[in-house]
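Input: a single structure, listed below in structure tokens.
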Amino acid sequence: MKSSLTAHVAIIGAGPYGLAAAAHLRALGVETCIFGRVMEFWQNQMPHGMLLRSSWEASHIADPDRRLTLDRYQTLQNVPLSKPIPLDGFIDYGRWFQQRVAPDLDKRRVKRLEHTGEGFRLSLEDGECVRAARVVVATGIAPFAHRPPPFDALPPALVSHTSEHRDLRRLGSGPVVIVGGGQSALESAALLAEADADVEVIVRKSDVHWLDQKLAWLKSEANPVRRLFYPPTDVGPPGLNWIVATPGLFRRLPFPLQEKVAYRSIRPAGAGWLLPRVGGVRITTGCAVISASSGGERVKLKLDDGTDRRVHHVLLATGYRVDVALYDFLAPELLKAVRRVDGYPLLGPGFESSLPGLHFLGAPAARSFGPVSRFVSGTPYTARALTRRIAGKSERKLEPILMRPATAFAIGSGRAASHVNAAEYLRKR
Ligand SMILES: Cc1cc2nc3c(=O)[nH]c(=O)nc-3n(C[C@H](O)[C@H](O)[C@H](O)COP(=O)(O)OP(=O)(O)OC[C@H]3O[C@@H](n4cnc5c(N)ncnc54)[C@H](O)[C@@H]3O)c2cc1C
């Protein structure tokens, strides 16, 4: 085991949640190191050509002074972004954000996270250890990709999950069946159809739900009272969306009501702007795949409407099921101390788990704080609540008191850019 370094807070994850947390904590001078590869999931596990479903206003990664918004990125970098936001543009924005809040990002993977009694020990992939009083887990949904049982036994050449593809064109010209009725299924279908593949989407529900169709005028930017109906978080239908936009309120609702609000807010749906792009795609609704078997280089599917399909590939757009036990870096003893329900950790104020000092951000927080935690638009509330818990007070009130040299690297200081990674920063401290 290599030498041991110490930090007050260690953040694991450099996607929108880890970066927002770093921005807020460092703005208060809270000593923070951050591990992970910047925007890795967006870079490697979403399809080339994808457009973000979330609106412009719902896609800013939060920083405490709103100095690192998409608008600022566009203006300062002189890179115009179209709407809907293209995936590559959003990844570049995330990298720009990281350079300003965490130029010392440590790319090493955390192999093990243990609770030592006094705090936490993180073992990194090269054997180095970091000790931290608090740990923020912001490692996203990659391990939670859901494969329904009929497809368990089939090899990846025949059946894959959407998260396994950066370039869908590699699936060839088909025939391909996509299983699922949400944005990922429909956008994958559009991308494959545009690459001349023979593609069919199989949807369990009786119809596909398209967003922003009926109330387009209400949501339009030209509507001066739009904000009354649509908070900037952009999750859920009018009425429920304000509850979802207020995670502190959502948390206090009785669980059966929370479940209903969450389901209604994130049920499978496609963005309205996708409709014209799937015009030529066969979408079969109201039936499910009941069995799948391989026959040579083809997959044979049986559907519950009595029909069959023989295709080259099945693409599962079947979503993600949170189960933090699938984070393989969490030591079993640590995991045992985290109270969980259905795979989700139960979180209290500041997104803290039942193991004091251990916080979970992003999708794992959805059981406690609601569906906005699954989206970038949940980063402002999350990062503020986390910071309040760790630093004790609201960041704005504390700013003049707690400004320490570490703050200098919070928002783009040249001095900090010389730090190669978190470990080096801690050594130099
Ligand atoms: C196809 C698709 C499209 C989506 N579109 C949208 C959208 O339009 N708008 C929206 O708001 N949301 C969208 N989402 C949801 C999106 O995934 C989340 O909003 C967002 O990624 C959450 O960010 P995060 O920081 O929690 O996780 P991620 O962005 O997944 O970041 C995880 C981080 O953890 C790091 N990491 C993981 N394991 C380790 C380890 N052991 N050690 C160190 N680092 C580690 C990774 O390197 C990475 O930096 C989409 C999801 C999918 C699947």
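Rounded, prolate or oblate: which fits segment 1-59, taking a ≥ b ≥ c as square roots of the Cα gyration tensor eigenvalues, rounded meaning a/c under 1.5, else prolate when a/b beats b/c? Oblate.
For the chain, the ratio of Cα radius of gyration to the globular rule of thumb 2.2 N^0.38 Å stands at 1.01. Its Cα centre serving as origin, segment 166-253 has a Cβ charge dipole (Lys and Arg +1, Asp and Glu -1) of approximately 600 debye.
Would you mind calculating the gained length between Thr116 and Leu249 on full extension (0.36 nm times residue separation, minus the Cα-Cα distance), in nm to one decimal? Each step should come with its number before you reach the end.
Numbers: separation 133, 0.36 × 133 = 47.88 nm, distance 3.41 nm.
Value of the extension gain: 44.5 nm.
When His60, His146, His312 are sorted by how many other C-beta atoms sit within 10 angstrom of their C-beta, beginning with the fewest, the order is His146, His312, His60. Of the peptides 72-84, 281-293, 19-31, the order by per-residue mean of other Cβ atoms within 10 Å, starting with the highest, comes out as 19-31, 281-293, 72-84.
Any idea what the dipole of the chain comes to, in debye rounded to 20, about its Cα centre with Lys/Arg Cβ at +1 and Asp/Glu Cβ at -1? Walk me through the numbers before you get to the answer.
On the way: 57 positive and 40 negative charges, 231 e Å.
Magnitude of the dipole: close to 1100 debye.
Helices in the chain that qualify as membrane-span-like (whole DSSP H runs, Cα extent of at least 15 Å along the helix axis, mean Kyte-Doolittle hydropathy of -1.0 or higher) are 16-27, 87-101, 183-194, 255-266, 379-391.
To make sure I understand, if each residue's beta carbon is the centre and we count other beta carbons within 10 Å, what order do Tyr320, Tyr17, Tyr381 fall in, fewest to most? Can you show the working numbers first?
Values: Tyr320 18, Tyr17 31, Tyr381 21.
Lowest count first: Tyr320, Tyr381, Tyr17.
Hey, with R₀ at 45 Å, roughly what FRET efficiency would Gln74 and Tyr263 work out to, going by the Cβ-Cβ distance, to 0.05?
Details: r = 35 Å, r/R0 = 0.79.
Step by step, r from the Cβ atoms, then E = 0.80.
By the beta-carbon count within 10 Å of each Cβ, the least crowded to most crowded order of Ile243, Ile61, fewest first, is Ile243, Ile61.
Ala145: net charge of surrounding residues, Cβ under 15 Å, Lys/Arg +1, Asp/Glu -1, itself excluded? Overall, the nearby charge balance is -1.
Taking the Cα atoms of segment 216-266, the ratio Rg/Rh between the radius of gyration and the Kirkwood radius comes to 1.03. With N counted as the residues of segment 222-321, its alpha-carbon radius of gyration over 2.2 N^0.38 Å works out to 1.55. Amide H contacts of Ile11 (H built 1.01 Å from N, in plane; Pro and chain starts excluded): Cys33, Ile34, Phe35, Val136 sit under 5 Å, all sequence-distant by 5 or more or on other chains.
Take 328-340, 178-190 and order them by the average number of nearby Cβ atoms within 10 Å per residue, most first; the result is 178-190, 328-340.
Here is the link list: Lys260/Lys336; Lys83/Lys107; Lys111/Lys336. Which ones come out longer than 23 Å on Cα distance? Can you show the working numbers first?
On the way: Lys260/Lys336 29 Å; Lys83/Lys107 31 Å; Lys111/Lys336 18 Å.
Exceeds cut-off: Lys260/Lys336; Lys83/Lys107.
Projecting the Cα atoms of Ala245, Phe229, Gln258 onto the charge dipole of segment 216-266, computed from C-beta unit charges around the Cα centre, puts Gln258 farthest toward the positive end.
How much length would be gained if the chain were fully extended between Thr284 and Arg109, taking 0.36 nm per residue of separation minus their Cα-Cα distance, in nm to one decimal? Don't jump to the answer; show the numbers that get you there.
Details: separation 175, 0.36 × 175 = 63.00 nm, distance 4.19 nm.
Extending this stretch completely gives an extra 58.8 nm.
Bear in mind these aren't lab numbers, they're just calculated from the coordinates by the rules spelled out. Predicted model only: the values in this text are computed from it and were never measured. No Cβ is skipped: glycine too gets one built from the backbone with ideal geometry, and neighbour counts run over all protein chains shown.
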